[in-house]
Amino acid sequence: MLDKTKFGWWKSAVFYQIYPKSFQDSDGDGLGDIPGIVRRLDYLQKLGVDGIWLSPVFASPQADNGYDISDYRAIWPPYGTMEDMETLIREAKRRGISIIMDLVLNHTSDEHPWFRQALKGRDNPFHDYYVWRDGSPDCPPNDMRACFGGSAWEYVPELGQYYFHQFAVKQPDLNWDDPKVRRELYDMIRFWVEKGVEGFRLDVIDQVAKEPDRMITARGPKLHGYIRELSREAFPEPGLVTVGEAWSADTEEAKRWSAPDGSELSMVFQFEHMTLDQRGEKWDAVPLNLPALKRCYERWQRELHGVGWNSLFLSNHDLPRVVSRWGDDGKYRVESAKCLAAMVHGMEGTPYIFQGEEIGMTNVPMELDGYEDLETVNMIAERRERGYSDADILASARARSRDNARTPMQWDDSDNAGFTSGTPWFGVNGNYKEINVEAALRDPDSVFWFYRRLIGLRKTYPVFREGSFELLLPEDEDIFAYIRRAEGEQLLVVCNLSGRERAFQVPAEFERGERLLGNYPDGGPVLRPWETRTVYLRDGK
Ligand code: TEU
């Protein structure tokens, strides 16, 4: 059992992300909820994870599925009550699972009482909690764009002012330059720590120190000062795990974020590897260039080794399903899901599994009028206006929409995949009769049991946590292979990320190694389609 009071315990941990709306409904209203999560804790314990990153469950008008918070200290009623949340924290802890809450500190909902007050007048004490600039109706302060489309400025005629929003109009940015705002946020975080929450995921934390007059959003000059203050004031316990979402982080930045002295955060989510298969905007997908991906991973592994800490992930609620994106969600769905899992779980860092990834859930084919997510809906409108054909737009949405990750969890082959007894808020993927938890648990060769073994290996062999990283065959377009080396131990991970057979010469020293894991029966010098092998060597043996 991990000692979760100690700094760094998360280096041996694996986390599991729950998107509550789509995980498990318990009362038939078609929305996932907290009692539903409690019901599934035994399942997560079987998988072996140490913590749950819970996407926002706070009171919210749900313009962005909870990333628009109207009360940080209350639970959204359809998800349950505060008592349900306390039960979840307690029941999870009993199973060795920590609850990591998702804090949206960059913005609130426009329905948050702070913003309602702020709208009342320039002299209102809450006015300064948000970012305002004077202007006239057709002349915004500058042409900054919001992440979800349109201008980043919204005019309020009663005030003759614009407010700044990096995301949707209903997500006004908080003004971190006001010390009262920061104090409110710290107090709120302490409220949750006192309830037993053991860590936090910090939404777009690299964007809090914005300076709109200088067109700065991420990585503002005051950013790391604010983060060090946040860490001191809100996260004094060495055992609290904190993971910041930082799309802007390069390796130099990540070293600061995850400095081993604990002065900032435990680690960040960086996304460099997830942007290699697009040209310009994320909607413009191009095939993955494997040598580029390997170079990227090699650099992150090498540069953070010993001086920072990586997070490891291929999926979350904002990304399409990885088996559809980089694997083969048809003939080799099972093999490719395992191959991709072995590729990341063999590296140094803390792995995160997104709900459904552990059973190889896939993207969902939908029509344009079926999309729910505001980012996708805005993209469709914008691209239509710019003259894209519906066929083009549909191809982008199917490949990249966040909705691919947000269909209900597939538990069994009963109606609505066992997600709800009512009408699901969002359609279940049609492949649930084949791809579901019950089927996966029955089949010893399923993706689920492969993940279970991967999680176990990280806990058994220190080399998974500590080893250095050496990339083999950097230019190979199909094979991703690397060696990890730690005191007295070595590990070889080989992944054939293609549907072709490929010859592979096992490095001589590993010929006497012990095979820890694979997705085919033990084989010779030829790697089969999407084959992966993990081989272990203890020095002197
Ligand atoms: O995402 C931050 C973010 O930058 C996203 O807009 C990202 O670029 C996009 O989802 C890629 O498709 C976080 C949350 O994870 C996301 O769900 C929220 O919508 C967003 O912040 C606003 O809070």
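The values are calculated or read from the model by the stated rules, or taken from the named source; none is laboratory data. Because the structure is a prediction, the values reported are computed rather than measured. FYI the Cβ positions are ideal-geometry reconstructions off the backbone, even for glycines, and counts take in every protein chain you see.
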Exercise. What's the number of the condition residue 388 fails, among (1) away from the ligand (no atom under 16 Å from the Cβ); (2) touching a residue at least 24 places away in the same chain (Cβ under 8 Å)?
Worked result: (2)
Exercise. Any idea which residue in the stretch 196-219 is nearest to the ligand (Cβ to nearest atom), counting only those that are under 17 Å from the mean Cα position of the chain (by Cα) and charged (D, E, K, R)?
Worked result: 203
For this session: Output yes when any residue across the stretch 289-309 is within 21 Å of residue 241 (Cα to Cα), surrounded by 22 or more Cβ atoms within 10 Å (Cβ to Cβ), hydrophobic (A, V, I, L, M, F, W, C) and modelled with pLDDT of 95 or more, and no when none is.
Result: yes
Problem set entry | Odd one out for residue 523 among (1) in a loop (DSSP other than H, G, I, E, B); (2) surrounded by 15 or more Cβ atoms within 10 Å (Cβ to Cβ) | (2)
Problem set entry | Breaking point among (1) in contact with a Ser or Thr (Cβ under 6 Å, 6 or more places away or on another chain); (2) surrounded by 21 or more Cβ atoms within 10 Å (Cβ to Cβ), for residue 329 | (2)
Exercise. In this structure, is residue 516 surrounded by 13 or more Cβ atoms within 10 Å (Cβ to Cβ) and within 23 Å of residue 360 (Cβ to Cβ)?
Worked result: yes
Exercise. Can residue 353 be described as touching a residue at least 40 places away in the same chain (Cβ under 8 Å) and either in contact with a Cys (Cβ under 6 Å, 6 or more places away or on another chain) or within 23 Å of residue 428 (Cβ to Cβ) (or both)?
Worked result: yes
Exercise. Just for the stretch 228-247: of the residues that are in a loop (DSSP other than H, G, I, E, B) and within 16 Å of the ligand (Cβ to nearest atom), which one is surrounded by the fewest Cβ atoms within 10 Å (Cβ to Cβ)?
Worked result: 247
Problem set entry | Failed criterion for residue 527 (all others in (1) touching a Cys at 6+ places or on another chain (Cβ under 9 Å); (2) within 19 Å of residue 302 (Cβ to Cβ); (3) not charged (D, E, K, R) hold) | (2)
For this session: Tell me which residues, restricted to the stretch 124-150, are surrounded by 15 or more Cβ atoms within 10 Å (Cβ to Cβ), away from the ligand (no atom under 13 Å from the Cβ), among the hydrophobic types (A, V, I, L, M, F, W, C) and more than 15 Å from residue 210 (Cα to Cα).
Result: 126
Problem set entry | Selection count, the stretch 183-212, where residues are under 15 Å from residue 236 (Cβ atoms), out of contact with any helix residue (DSSP H, G or I) (no Cβ under 7 Å at 6 or more places or on another chain) and part of a loop (DSSP other than H, G, I, E, B) | 1
Exercise. Under the condition of being among the charged types (D, E, K, R) and touching a Phe, Trp or Tyr at 6+ places or on another chain (Cβ under 7 Å), which residue from the stretch 526-536 is surrounded by the fewest Cβ atoms within 10 Å (Cβ to Cβ)?
Worked result: 528
Exercise. Is one or more of the residues making up the stretch 151-163 closer than 22 Å to residue 111 by Cβ, touching a residue at least 60 places away in the same chain (Cβ under 8 Å), within 16 Å of the ligand (Cβ to nearest atom) and touching an Asp or Glu at 6+ places or on another chain (Cβ under 8 Å)?
Worked result: no
Seminar exercise, completed: Taking the stretch 351-376 and keeping residues touching a His at 6+ places or on another chain (Cβ under 8 Å) and more than 14 Å from the ligand (Cβ to nearest atom) leaves 351
